[in-house]
1. Just to be sure I understand, how many residues within segment 1-14 are modelled with pLDDT under 80 and in a loop (DSSP other than H, G, I, E, B)?
2. I'd like the full set of residues that are in a helix (DSSP H, G or I) and exposed (fewer than 14 other Cβ atoms within 10 Å of the Cβ), limited to segment 29-39.
3. The conditions are (1) modelled with pLDDT of 95 or more; (2) farther than 22 Å from ASP52 by Cβ; (3) of a type in the set (Val, Ile, Thr), and THR144 fails exactly one of them. Which is it?
4. How about segment 174-194: which of its residues are touching a helix residue (DSSP H, G or I) at 6+ places or on another chain (Cβ under 6 Å) and either assigned to a loop (DSSP other than H, G, I, E, B) or of a type in the set (Val, Ile, Thr) (or both)?
5. Output the residues belonging to segment 35-48 that are closer than 20 Å to ILE131 by Cβ and of a type in the set (A, V, I, L, M).
6. What helices (runs of 4 or more DSSP H) lie completely within segment 40-148 and have 3 or more residues being over 21 Å from LYS201 (Cβ atoms) and among the hydrophobic types (A, V, I, L, M, F, W, C)?
7. Please verify whether segment 145-154 includes one or more residues that are on the phi > 0 side of the Ramachandran plot, in contact (Cβ under 8 Å) with a residue 40 or more places away in the chain and not hydrophobic (A, V, I, L, M, F, W, C).
8. Of all residues in segment 156-173 being touching a residue at least 40 places away in the same chain (Cβ under 8 Å) and out of contact with any His (no Cβ under 8 Å at 6 or more places or on another chain), which is nearest to GLN121 (Cα to Cα)?
Amino acid sequence: MNQNKQHWEKVFQTKTAEQVSWTETYPQTSVDCILRFGLKKSAPIIDVGGGDSLLVDALLELGFSNLSVLDISAKALERAKERLGPLANKVEWIESDVLDFNPTAKYSLWHDRASFHFLTQKKHIIKYGSIVNQSNAQHLVIGTFSTSGPEKCSGLSISQYDCNSLEHCFRDRHSQDECIEVNHQTPFDTSQAFVFSRFSKKLI
């Protein structure tokens, strides 16, 4: 087991959702960003680093029917499946480090909240972008810590972004449609500054 996977398995084995900062009672910003694209309910959507996030629950409730969740942690995915019960069968669960992900499906939308910012090496950021391109994602929703947000999360260093630097990471294939800054209220009643960007694939 590689060090990165070992770290996240330990987090999800030892901490409840109420004990980690990224937990949302409802993923409002992500849902709003996704709905603005006006996708068909059958559009294939992948939530990268989705773990035991409630986004998949929200999308199922909204009628989306072609959902995938990718996470490095088997325990995180197990927790999500247990929470969803029979509805878990409607979701494709992918246990993988995103940098090892070899997408064979083509996605209408690639969503990533608070996973991309854990990539701190330029080569890994570039590789992530190439995997996004390989997935042929028509639209992206990327949420990261902003330049006024935390410098670490779960004991790990992260990369902070503003609208311009986030746009720069994906501008080869995607145009930035919108970029907003939001404050996330953690379960500990503290605030974390995030930046969310929506992108659409450029017409070539």
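1. Keep residues of segment 1-14 that are modelled with pLDDT under 80, which gives 1, 7-8, 11-12.
When the remaining residues are screened for being in a loop (DSSP other than H, G, I, E, B), the result is 1.
Counting residues in segment 1-14 that are modelled with pLDDT under 80 and in a loop (DSSP other than H, G, I, E, B) gives 1.
2. Residues of segment 29-39 in a helix (DSSP H, G or I): 29-35.
Within segment 29-39, LEU35 is the sole residue that qualifies.
3. Unmet condition: (2).
4. VAL182, PRO187
5. Restricting attention to segment 35-48, the residues satisfying the condition of being closer than 20 Å to ILE131 by Cβ are 43-48.
Within segment 35-48, ALA43, ILE45, ILE46, VAL48 meet the criteria.
6. Numbers: elements: 55-61, 74-84, 122-134.
Ranges flagged: 55-61, 74-84.
7. So in segment 145-154, the residues on the phi > 0 side of the Ramachandran plot come out as 154.
The next check asks that each one be in contact (Cβ under 8 Å) with a residue 40 or more places away in the chain; those that pass are 154.
Those left that are additionally not hydrophobic (A, V, I, L, M, F, W, C): 154.
Checked segment 145-154: at least one residue is on the phi > 0 side of the Ramachandran plot, in contact (Cβ under 8 Å) with a residue 40 or more places away in the chain and not hydrophobic (A, V, I, L, M, F, W, C).
8. In the first step, residues of segment 156-173 are kept if they are touching a residue at least 40 places away in the same chain (Cβ under 8 Å); the result is 156, 158-161, 169-170, 172-173.
Next, only the ones that are out of contact with any His (no Cβ under 8 Å at 6 or more places or on another chain) stay: 169-170, 172-173.
On the way: CYS169: 13, PHE170: 16, ASP172: 19, ARG173: 21 Å.
Among them, the one singled out is CYS169.
The values are calculated or read from the model by the stated rules, or taken from the named source; none is laboratory data. Computed from a prediction, not measured in an experiment: that's the story for all the values here. In this analysis, Cβ positions are derived from the backbone assuming ideal geometry, glycine residues included, and neighbour counts consider all displayed protein chains.
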